[in-house]
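Below is one structure, written out as structure tokens; the observations come after it.
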Amino acid sequence: MVTLAVLGLGNMGSALAHCLLKAGYSVCVWNRTPGKTKPFSELGAVICTSPEDAVAASDFVIVCIKSHKETVELLSGLCVSLSGKTICDMSTGDTSDADSLVSFLNGNNADYMLGMINAYPSGIGNGDTTILTVGSAGTWDRYGEVIRSLGGKSAQVGEQPAALAALFAGLFTVRQGFMFGMIYGALVCQKAGVPMQVYADQLPATIKLVNDYHDLFARTVPVGDYDDAEASLKVYALAQEDALTTCLSLKAPADFIRIMHDRTKAAWEDGYGDKQLTSLVEHMTDA
Ligand SMILES: NC(=O)c1ccc[n+]([C@@H]2O[C@H](COP(=O)([O-])OP(=O)(O)OC[C@H]3O[C@@H](n4cnc5c(N)ncnc54)[C@H](OP(=O)(O)O)[C@@H]3O)[C@@H](O)[C@H]2O)c1
């Protein structure tokens with residue numbers, strides 16, 4: 001069986017190591033602050049006092065620290081060969097840091113895998129958890145099973161690090177857009193004296209509509225068909241205008257709704273008024 005290492009036993013690294021041990025893998029663990037390795041000796045992990053020991057003993061090395069930049073710093077300081085190893089960085093990072101990490105690993109004859117974990121530590125090991133990876137050819141064939149034990153819906157999405165960073169940005173934006181929507185929504189309600197509990201209690205009804213938004217998106221954007229709108233872009237533009245005017249008249253922050261309003265209005269002015277709202281993907285690509 002493959003020998004694994006986990007470098008970094010923070011909240012996420014600990015969850016990964018724990019899950020791999022539970023799945024029956026042989027796991028070496030290391031953490032910069034040694035105390036965090038303690039619980040893992042009882043779980044059967046090989047406790048390493050240096051990252052060199054962990055790397056030397058393993059074929060597949062999962063790093064889960066701060067970002068790709070720290071991963072390069074950590075690995076470049078090691079006095080052990082990385083040649084023939086597969087380094088899987090589960091730390092987050094931007095496109096240029098990902099490129100630097102991959103070229104560093106290529107230069108050291110190591111294979112790379114970069115992973116994006118779409119879960120909290122408590123979700124690691126669940127059948128419906130997704131970890132998306134990019135990796136050099138063959139890495140998924142060799143180690144995909146390990147990643148699937150950490151998240152049952154995990155998949156490799158190609159070889160390009162930029163694809164993973166873009167997917168991270170694209171998916172994170174959705175979650176954050178939702179969170180910021182609630183924050184801005186709270187601020188306008190507060191201005192009108194709506195109790196926050198009333199606002200919070202009304203959110204589930206609107207959240208149900210998010211599934212319909214997703215259905216519409218998935219039906220229209222991948223095929224680029226924006227005709228036959230049940231609710232046209234101009235209907236949304238008018239509703240956004242109402243929301244914007246309300247925010248302004250109550251002196252609530254209006255920048256978030258203004259972005260939506262201005263983008264939708266511009267598309268309407270360019271002849272998209274009767275199309276689906278999702279036609280903004282086409283309009284903004286061309287803009
Ligand atoms: N937590 C989540 O929900 C979640 C979800 C998805 C992805 N992630 C990603 O997972 C990574 C780790 O997150 P976390 O939540 O586990 O963070 P955390 O609990 O703050 O732990 C950070 C870990 O990184 C180590 N570390 C930091 N800088 C280091 C360096 N320069 N050299 C060596 N070790 C270093 C820390 O070691 P010490 O113990 O010595 O400080 C610690 O083990 C991040 O990239 C994060 O974005 C986290």
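Just to check your reading of the model, which residue among G224, G193 is surrounded by fewer than 11 Cβ atoms within 10 Å (Cβ to Cβ) and in contact (Cβ under 8 Å) with a residue 12 or more places away in the chain? One residue alone meets the criteria, G224. Residues in segment 257-282 that are closer than 21 Å to H214 by Cα, touching a residue at least 24 places away in the same chain (Cβ under 8 Å) and in contact with a helix residue (DSSP H, G or I) (Cβ under 6 Å, 6 or more places away or on another chain): I257, H261, T264, A267, Y272, G273, K275, Q276, L277, T278, S279, L280. For segment 1-36, residues that are over 16 Å from I87 (Cβ atoms) and within 10 Å of the ligand (Cβ to nearest atom) total 12.
Could you please let me know if T129 is assigned by TED's automatic domain parsing to the domain that holds S26, within 11 Å of the ligand (Cβ to nearest atom), at pLDDT below 95 and under 17 Å from the mean Cα position of the chain (by Cα)? Judged against the criteria, T129 is not a match. The helices (runs of 4 or more DSSP H) found wholly in segment 136-223 and carrying at least 3 residues that are modelled with pLDDT of 95 or more and in contact with a helix residue (DSSP H, G or I) (Cβ under 6 Å, 6 or more places away or on another chain) occupy 161-191, 196-220. For P51, the conditions (1) in contact (Cβ under 8 Å) with a residue 60 or more places away in the chain; (2) within 9 Å of the ligand (Cβ to nearest atom); (3) not small (G, A, S) all hold with the exception of (1). Each residue in segment 57-80 was checked for being open to solvent by 60 Å² or more (accessible area, probe 1.4 Å) and touching a residue at least 24 places away in the same chain (Cβ under 8 Å), and 6 pass.
Which of the residues belonging to segment 90-123 are open to solvent by 20 Å² or more (accessible area, probe 1.4 Å) and within 12 Å of the ligand (Cβ to nearest atom)? Listed by number, the residues that qualify are T92, G93, D94, D97, I117, N118, A119, Y120, P121, S122.
The values are calculated or read from the model by the stated rules, or taken from the named source; none is laboratory data. Note that the coordinates shown come from a computational prediction; the quantities given were computed from them, not determined experimentally. Using ideal geometry, Cβ is built from the backbone for each residue, glycine included, and neighbour counts are taken over all protein chains shown. Accessible surface areas use protein heavy atoms only, side chains included; no ligands, DNA or RNA. Shrake-Rupley method; radii C 1.70, N 1.55, O 1.52, S 1.80 Å.
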